[in-house]
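Let me begin by presenting the structure, written as structure tokens, before commenting on it.
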Amino acid sequence: MKIFRKFLSIAVAATVLGGPATAQEVTLRFQHFISPKGAIPAHFGAPWAEKIEAESDGRIKVEIYPAMQLGGTPPMVYDQIRDNVIDGGWAIPGYNPGRFPGTEVFELPFISSNNAEVTSKAVYDFYEKYLQDDFADIKLIAIHVHGPGAFHTKDVQIDSVDDFAGLKLRAPTRVASLTLEALGATPVGMPVPQLPESISKGVVDGGVIPFEIVAPLKIHELATSHTVVGGDRALYNTVFIWGMNKGVYDGLPDDLKAVIDANSGAMAAAWAGRAMDTGDIPGKKLTEESGNPIITLSDEEVAKMVEMTQPVIDAWIAEMTELGLPAAEMVEDARALVAKYDQ
């Protein structure tokens, strides 16, 4: 059945029986792990699919399946793309700890801008210098980040650094877990779709997510307080990829490859980052309208957080240097690239 489906996904379907190869039509099945109302599905995935179809004169159709409708769990999406279980999808490399160490640079504390488009542009440049081998087994279309994450908590309020002590907080990745631990919290790693149930059942006191995902997960109905980290750099971030199976891409005729290529790379990374920024606006507004308090930590508290989390960066550099990566240079370059685009 799998072989048959894979054949169909790249098979020639000439508009006239026996017609020329240029009439090839392709249906690509992409999958992601959240609601179609999320920022990337709504503001990047769907319009990207429409653009591909339009620029291919209807010869490429992209079907996007939300909420893991094609099976599996969120940490499996990257391997599903690589193994052609699906033709493409949206994945978080950090859901597979240890496999993509270079992407962790932009997940380190206070490296990213508070603007997702800015940081996504920086991440793409960084990918071109350091990460191409990491993603050589797929066709990378976009690599990007989300906007600044906020703390969303139930029955507790974070007004200062001291309030993190003992809190069980959801963390998206290994580096985010280390960052929360450095602040005194107890990190609980989990994919974002598990957060609502974990809050409602008391498994966690809350978690860190950007505002764009508040509405799809109904976090504004579950949390009672929201805390934003001030300043011009984000406490943490998460790197995402929008990618396609390499064999499926390689099997396309050159003119259809060109359509995919024209909608990949730096422009796609910036577009995906911009989609995250776009989604943050109504998400924050909805949170404000819920009546829950939104606290912005003071510059003094943020300075304490920067100091408390610096050991996370130092330890990461030491760990990655042992793995043979130019870790100190990577951190320096990441900061410089963010500064370059944050002007």
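Taken together, the values in this text are just the output of simple stated rules run on the coordinates, not laboratory data. Here the structure is a predicted model, which is why all the values come from computation and not from measurement. Cβ: placed from backbone, ideal geometry, glycine included. Neighbour counts: every protein chain shown.
Quick notes
- The gain in end-to-end length when the Thr224 to Ser200 segment is fully stretched comes to 7.5 nm, 0.36 nm per residue minus the alpha carbon separation.
- Between the range 37-108 and the range 195-246, the Cα center-to-center distance that results, in Å: 19 Å
- Each Lys and Arg Cβ is given +1 and each Asp and Glu Cβ -1; about its Cα centre, the range 104-148 then shows a dipole of about 160 debye.
- Most simply put, the chain has about 55% antiparallel DSSP beta bridges, counting only bridges with both residues inside it.
- Each of the peptides 115-124, 242-251 was scored by the mean count of other Cβ atoms within 10 Å over its residues; in descending order, highest first, they stand as 115-124, 242-251.
- Available extension along the chain between Glu319 and Ala165 is 52.8 nm, counting 0.36 nm per residue and deducting the alpha carbon span.
- Gap separating the Cα centres of the range 274-343 and the range 118-182, nearest whole Å: 7 Å
- Reach of Lys304 by Cα under 20 Å, taken over aspartates and glutamates that are not fewer than 8 positions away in the same chain: Glu107, Asp159, Asp162, Asp163, Glu181, Asp232, Asp314
- By the rule of a C-alpha distance below 18 Å, with chain neighbours fewer than 8 residues away ignored, the lysines paired with Lys154 are Lys168, Lys201, Lys218, Lys284.
- Relative packing of peptides 166-173, 195-202 - highest average C-beta neighbours within 10 Å first: 166-173, 195-202
- The charge dipole of the chain, taken about the Cα centre with unit charges on the Cβ atoms of Lys, Arg (+1) and Asp, Glu (-1), comes to about 1160 debye, rounded to the nearest 20.
- Paramagnetic reach from Asp83 (point 7 Å along Cα→Cβ, amide N under 13 Å) across the range 240-263: none
- Dipole-positive endmost among Ile158, Val248, Val259 within the range 153-279 (Cβ charges, Cα centre): Val248
- About the centre of its Cα atoms, the range 30-151 shows a dipole size close to 220 debye [charges on the beta carbon of Lys, Arg (+1) and Asp, Glu (-1) only; nearest 20 debye].
- Charge dipole of the range 13-127 about the Cα centre (unit charges at C-beta), most positive-ward option of Phe100, Gly89, Met76: Met76
- Residues of type lysines that Lys129 reaches as a straight line, Cα spacing below 19 Å, ignoring anything fewer than 8 places off in the same chain: Lys121, Lys139, Lys340
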